[in-house]
Every structure is written in structure tokens, then in C-alpha cells.
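Reviewing the structure listed below.
Bear in mind these aren't lab numbers, they're just calculated from the coordinates by the rules spelled out. What you see is a predicted model, and the numbers here were worked out from it, not measured in a lab. Every residue, glycine as well, gets a Cβ built from its backbone with ideal geometry; the counts of neighbours run over all protein chains shown.
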Amino acid sequence: MLSLGLTQPFQPPLEGTQMVVFSDIKNYTAEYEAPRYIKKCINYAKEYNVYLVTGRFVATNFLCMAFIGPDGQVIGVQRATHLNLTYQTALKRSTDLDLYDTPFGRIFLCVDVDIYHPEVLRSAVMRGAKLIISSQYIEFVDYGMHTILQGAYNAAMSYGATVVNVNNNSRCILAGKETARREEQFLLPLGTDLPVMLSIDLDDPAIMARRSKLEQGCRPDVYRAYAAELER
Amino acid sequence: MAKNDFSLGFLQYLMTSKISISKISKSMDRLHIDPCKNLEFVSPNNVKVAVCPLEIQNYSSIGDYLSQLEQLVRAAAGGGAQLICFPEYSGVLPAFALPSFEKTALKLAELIRAGDSGLKEEFRSMADNLIAPVLDAFLYSMEQLSGRFAIPIMAGSALVMEDDKIYNRFYFFSSSGEIVSTYDKIHLSSVEKMLGIEPGKKLEAFDCELGRAAMLAGNDLQYFEPVKILSRQGTSLLCTGWAKPAGETDLSMIRAAEGNLFILKSHLLGGSRIGTDFNGVSSVLAPFPITREKDGVMARVTEEEGAPPFALVRLDLEKQGEVFNIYTYDTNTEFYKEYLLSSYEK
């Protein structure tokens, strides 16, 4: 079981939290502020003895999220592979896919709009990611239930994963298990205030069952025949 | 075994006599169908489509089955429909015109539930005797309905035997009653696998009288891959039929958004008498920004009093090209080439 906490940036987590995800309200920390931001995140992780998933920041013209261990070690940095089109002239796309092994399971940091790209999610989950942590910025005028459905909800249900989504408007945790009732898939509903902590089982049999069913149902023999369409 | 073969052989004899082409043709003549004029003017910014759910039920005769379909098509045509979609396994329904078929289906359902090792053999025995006459009745009925009403129909699917293999095959008929395209279901359900049904291998968009279309089964929508492939082939209208067991997740709304296309989804319903429980809301779905409530729904079948038993809606296919979402529009071909197809080997 993982005690996962969602907090505002640098807000103390609730007692017992093992992993913290920052829920930020700004689109990203600019490149010139990033070194100081990361240092502050490292100190936070050490102070509270938690794994920490940072908010979004820019480094070497890539939009990033970092994963920091309780000892303050930067375990890894995932760079966005897709961009909000408003960032296209300023930022670059990465072709990296990094997964991090933790005592709780393998996790994937899904940077900003990567949550809307099934190719990224398929690639991460088929490589063993059980927990997808999605941190994104959605303009208030664009935000709605559909932005969660097409993003975090889709990620949980299409791949059989546990998905944490934090954005400047809301946050939620979704369990990708088979059920016709959408409410049952929200382990943490959208309107929850911060800080919050939830115990989640990344090996929940219901989630594993759906994941297994979906993976076994994939038809790579067919998909390969249509590589030209899939890789566009 | 011998008794079983005899029973099924007798059933086939009954089928042949009860649902012959001449019988269906006579029933059709009695229905006095005139061609509608709905396709005289087709404009991509003003296309009218209908999705018609079907409930599993016993029919006292093949005429009853035809009557059920005819009423739906007539009502949808009367509302201006230029394309009508029926659900998955609508092609099995003619078999319910036989009084003893329900018993056969119930027995099969029991074997499925028990995970009986004799299931495949039992199903194969039934299939060998029944698939051909039921398929003939289904295809002829749909050919006549589409041709006589002069409306394209996505007929749903039927079991088809080809080269000693059984497929779950979808059919699309033109307004002249010709088969324009077929699709063999690619992502089979666990029950279909247990029965030994053969999965398909092809994904092909095709041109129909309303534009570029394609077909999938509902279970295919659990995966983004077929939708993306068909979207890249230019599909605007994705016709889907589904025999969805109760409790199964429906991701069709999300696929419409992800694939940037319209999904016409028709459900097979009911079946409690034969130990199944199919449900779902037949709907026409579109990318979220196109829909009024941003909920992805253009129209759906409702159970309100007085509501028609189908959903009928006007679509502007040109809006598909106008959807520009700054959050989802980006692509990364290099990433896809490096990671996607190799993912399936992990």
C-alpha cells in the first residue's frame, strides 16, 4: 500500500504520507528559477522523508517533472514528449520515456499534455508502470469534466492503471478497474481540498484484472500491419 | 452425440423452411416499402444518421423479425435518416424465430458459465447446422430493407463460417442493397474466444454515400489503436455495434474525442432468458468541442415516454476538420517510432 499525499507546493504533508505530489496552480516554473525550485524540492523531500513528484518546470528548454527520493536524491526527470501548442515555439519535445521503480511499484511521470496521448500511456504501461502521475496546466476557460475524461480517466480505464491527476483547477485519483459506474473509478473525487492523503493499493486485484484483460486483448500482429497510421 | 446431431439437423431443416428467401421476400412485399428520398441531396455539413438498438426476443415467425426491423427503418427514414446503424449480433436474431432455439442458446450459456470443456465442440456443432441459414436470412433481410427504403444500413454483425473458421462479421449495405464493406471483429470478448471464434485482421475505412466510414465492434473501442488507424485513413463516421455485457466499461465517448471522429453506436439489449444481460445506451458521439454540452454526446436513445426507440441526429462532418485543441493536437512521430510498437513485446 502507498500512502499518497497531494499538497500545494511546499505545504507540509499529512502525517504518514510516503509520497507527495505537488499540485501547482501556475503553468510552470521558468528555467531561470528552476535550480532554486529543485533545491527547495530536495530539501522538502528530506525534511518530510517522502518521495516527491515536483510540479512542472523548464530545464534546457524542456518542460519537466522530477522525482525525488526521501534522501533528497533526484531519482529522475521526465521531459514532456508532447506540448501544449502555445509552448511550441519556446520549448522542445523529448523522445524519452523513463519509468521509476519504487518500493510501491513502477511509476511514470506524465508531463502536462502527455496525458492526452495514448501512445505515451500505452508505452509506459506496457513497460510496467502501475502508477501514472499526471501534472498539467489547463486554462480555466478550457477546463471541464471532458478535460479529465479524455485525460486522466482515459489513462486509468484504457490501460488498467492507477492515475493521479493534479492541475490548476482540480485534483483526483482514479483506479482503472472494470465498472460501469464512473463514480466508483474516482478513488479521490475532483473537489477534494488540499492537503489530502489516500492509501492506494497499486496491486489492487480489480485493477490488475482489467490491466491483464486489456493487455491480453491487444493485437500487435494487426497494429504492426498499420504502423504507418499508428506512427503518424 | 448422435441425438444432438439429429436435433440440430432437424433444427436446420426447420430453419430452412421457416426462413427461406422466398418467405422473406413475400413478407417484404406485404410491407409495401417505397424508397425514401433522403439521399437525393447529401451535403457533408448536413448528414442525418440514426442508431437503432435491438432487444433479444423470441419471434413467432421470421415475419415478426422483419416487422421489427422494418418499423425501425421506416420510422428513422421518416425522420430523414440517411444512414441507420444496427447492433452487434443483430444477425443472430433470425434464429429466435425458431421455437427451440432459445433452449439451444440457454444450454450454450450454461456451458459458458461452467467453463465446460465441451463448449467449443457444442458450439461448433450448432454453428455447422445453423450459421448458414441464419446468415442468409439476415443478409437478405438487410439487403431488401436498404434497397427498398433506399437508405444505407450498417446492419450490425452475424456469425459467418469461412474456410472452416467462424468470424463475427459486420456488414455495411448501400442504398441499393449492395454490400459495400465488411469487417471481422478484431478484439474478441472472452466469451468469443471460449467459443473459438476467429479474430479478424483488417482495418479498412471505405467510401459510402455520406462520406468516409468504417466499422468496429464495441469491444474494439477499449483500445485506441483501431480508432487511430481508421482516423488516419480518413474516417468521419465510425459505425459501431455492441453486445455489451452489463458492468463492462464503455469508452466510446473518449475514443470519439481521441480519434476526432463521429461514432455511431448501437447496442444489443437484454437476453436474460438465455442467461445474458446486454445493456448500453445507443448514441451518436462526437469530439467534445463539437457537442453543445461539451459532453461528447450528439444524441442518445432515451427511455422517456413517447421517445422513439432510436436516436436520430444531424451531423456537420465539416466540423471534424475544425476541431483544434491546443492540448491534444501535438504529435511526436519520433517517439512513436521508438516506443510504441516495441511496447507490445514487453
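Kindly work out what percent of the DSSP beta bridges joining two residues of chain A are antiparallel, to the nearest 5.
Of the beta bridges lying entirely in chain A, close to 55 percent run antiparallel.
What is the order of A:CYS172, B:CYS36, B:CYS52, fewest Cβ neighbours within 10 Å to most? Walk me through the numbers on the way to the answer.
Details: A:CYS172 23, B:CYS36 20, B:CYS52 29.
So the residues, fewest neighbours to most, are B:CYS36, A:CYS172, B:CYS52.
Tell me, what ³J(HN,Hα) does each residue in region B:287-304 have, in order and in whole Hz, if you take phi through Karplus 6.51 cos²θ - 1.76 cosθ + 1.60 with θ = phi - 60° and put x for Gly and Pro?
Each residue of region B:287-304 in turn: x, 3, x, 6, 8, 4, 8, 6, 10, x, 10, 8, 6, 8, 6, 10, 9, 5 Hz.
If one takes the longest principal axis of the Cα atoms in chain B, at what angle in degrees, from 0 to 90 and to the nearest 10, does the Cα axis of helix B:2-18 lie?
The two axes meet at around 70 degrees.
To the nearest 0.05, how large is the calculated FRET efficiency for B:GLU293 and B:PHE10 if R₀ is 45 Å and r is the Cβ-Cβ distance?
The formula returns an efficiency of 0.25 here.
What residues of region B:177-201 lie in the reach of a label at B:SER117, counting those whose backbone N is under 20 Å from a point 7 Å from the Cα along Cα→Cβ?
Output list for this probe position: B:193-197.
Dipole size in debye (nearest 20) for region A:2-218 around its Cα centre, Lys and Arg Cβ +1, Asp and Glu Cβ -1?
Using only the charged Cβ atoms, the result is roughly 280 debye.
May I ask you to work out the translational diffusion coefficient for region A:2-218 at 37 °C, viscosity 0.692 mPa s, via Stokes-Einstein with Rh from the Kirkwood sum over Cα pairs, reported in whole µm²/s?
Stokes-Einstein gives a translational diffusion coefficient of 192 µm²/s.
Could you give log10 I(q)/I(0) at q = 0.13, 0.16 Å⁻¹ for region B:206-254, computed by the Debye formula over C-alpha point scatterers of equal weight, without solvent?
For the requested q values the scattering log ratios are -0.31, -0.46.
Determine the gain in length on full extension of the stretch B:SER67-B:SER125; use 0.36 nm per residue of separation and subtract their C-alpha separation, reporting nm with one decimal.
17.9 nm
Among all the lysines, which ones have a C-alpha under 18 Å from B:LYS18's C-alpha, if same-chain residues fewer than 8 places away are not counted?
Here the lysines satisfying the reach criterion relative to B:LYS18 are B:LYS26, B:LYS103.
How would A:ILE148, B:ILE263 line up from fewest to most surrounding beta-carbon atoms within 10 angstrom?
With the fewest neighbours first, A:ILE148, B:ILE263 line up as A:ILE148, B:ILE263.
Could you tell me the relative contact order of region B:228-346? Use alpha-carbon pairs under 8 Å, at least six residues apart, and round to a whole percent.
For region B:228-346, the relative contact order is 19 percent.
Counting other Cβ atoms within 10 Å of each Cβ, which chymotrypsin sites (Phe, Trp or Tyr not before Pro) in region B:290-341 have at most 10 and sit in a DSSP loop?
B:PHE324
Net charge near A:PHE67: determine it from the other residues with C-beta under 12 Å of the C-beta of A:PHE67, scoring Lys and Arg +1 and Asp and Glu -1. Intermediate values should be presented prior to the final figure.
Numbers: positive: A:ARG106; negative: A:ASP98, A:ASP101.
Taking every other residue near A:PHE67 into account, the sum is -1.
Going down the list B:LYS201/B:LYS228; B:LYS23/B:LYS165; B:LYS107/B:LYS244; B:LYS265/B:LYS319, which pairs span over 22 Å between their C-alpha atoms?
B:LYS23/B:LYS165
FRET efficiency for B:GLU162 and A:VAL141, Cβ-Cβ distance as r, R0 = 60 Å, nearest 0.05?
The pair B:GLU162/A:VAL141 has a calculated efficiency of 0.65.
Helix-derived [θ] at 222 nm for chain B: sum -39500 (n - 2.57) over DSSP H runs of at least 4, divide by residue count, nearest 500? Write down the numbers at each step before the final one.
Details: 8 runs with 112 residues, N = 346.
After summing the helix terms and dividing by the residues of chain B, the value is -10500 deg cm²/dmol.
Which percent of the Cα-Cα distances in region A:54-183 go past 23 Å?
Of all Cα-Cα pairs in region A:54-183, 29 percent lie more than 23 Å apart.
Which percent, to the nearest 5, of DSSP beta bridges fully inside region A:89-148 are antiparallel?
Taking every DSSP beta bridge within region A:89-148, about 45 percent pair in antiparallel fashion.
Hey, fewest Cβ within 10 Å first, where do B:CYS239, B:CYS208 land in order?
Ascending number of Cβ neighbours within 10 Å: B:CYS208, B:CYS239.
So what is log10(I(q)/I(0)) for chain B at q = 0.06 1/Å, when the Debye sum runs over its Cα atoms only?
-0.21
Quick one: Debye curve from the C-alpha atoms of the protein assembly as shown, no solvent, what's log10 I(q)/I(0) at q = 0.11 Å⁻¹?
Rounded to two decimals, the profile gives -0.99.
Express the relative contact order of region A:2-218 as a whole percentage, based on alpha carbon pairs under 8 Å and six or more residues apart in sequence. Write out the running numbers ahead of the final one.
Numbers: 465 pairs, mean separation 40.3, N = 217.
That works out to 19 percent.
Enumerate the aspartates and glutamates that A:LYS39 could reach by cross-link, defined here as Cα to Cα under 15 Å, with residues fewer than 8 away along the same chain left out.
Here the aspartates and glutamates satisfying the reach criterion relative to A:LYS39 are A:GLU31, A:GLU47, A:ASP71.
Are there GluC sites (Glu not before Pro) in region A:136-217 that DSSP marks as loop and that have at most 16 other Cβ atoms within 10 Å, and which are they? Before the final figure, lay out the partial values.
Working: sites: A:GLU139, A:GLU178, A:GLU183, A:GLU184, A:GLU215; in loops: A:GLU139, A:GLU178.
Counting only loop positions with at most 16 other Cβ atoms within 10 Å, the GluC sites (Glu not before Pro) in region A:136-217 are A:GLU139.
In region A:2-218, if the dipole is taken from +1 on Lys/Arg beta carbons and -1 on Asp/Glu beta carbons about the Cα centre, which of A:MET126, A:VAL164, A:PHE104 is farthest to the positive end?
A:MET126
Which of the listed residues, A:PHE67, A:HIS117, A:THR29, is farthest toward the dipole's positive end in chain A, when Lys, Arg count +1 and Asp, Glu count -1 at the beta-carbon?
Of the candidates, A:HIS117 comes out farthest on the positive side.
At a threshold of 8 angstrom on Cα-Cα distance, excluding pairs fewer than six apart, so keeping six or more, what relative contact order does chain B reach in percent?
After rounding, I find 19 percent.
Just to confirm the filter: which trypsin sites (Lys or Arg not before Pro) across region B:181-211 are DSSP coil and have at most 11 other Cβ within 10 angstrom of their Cβ?
Working: sites: B:LYS185, B:LYS193, B:LYS201, B:LYS202; in loops: B:LYS185, B:LYS201, B:LYS202.
Answer in residue order: B:LYS201, B:LYS202.
Quick one: what are the phi-derived ³J(HN,Hα) couplings along region B:324-330, Karplus 6.51/-1.76/1.60 with θ = phi - 60°, whole Hz, x for glycine and proline?
10, 10, 5, 8, 10, 6, 5
Using a basic spin-label model with each label point 7 Å from the Cα along Cα→Cβ, how many nm lie between A:LYS39 and B:GLU303?
The modelled label-to-label distance comes out at 6.4 nm.
Which of the lysines could be linked to A:LYS40 by a straight reach, that is with a Cα gap under 29 Å, when you skip same-chain ones fewer than 8 residues away?
A:LYS26, A:LYS92, A:LYS130
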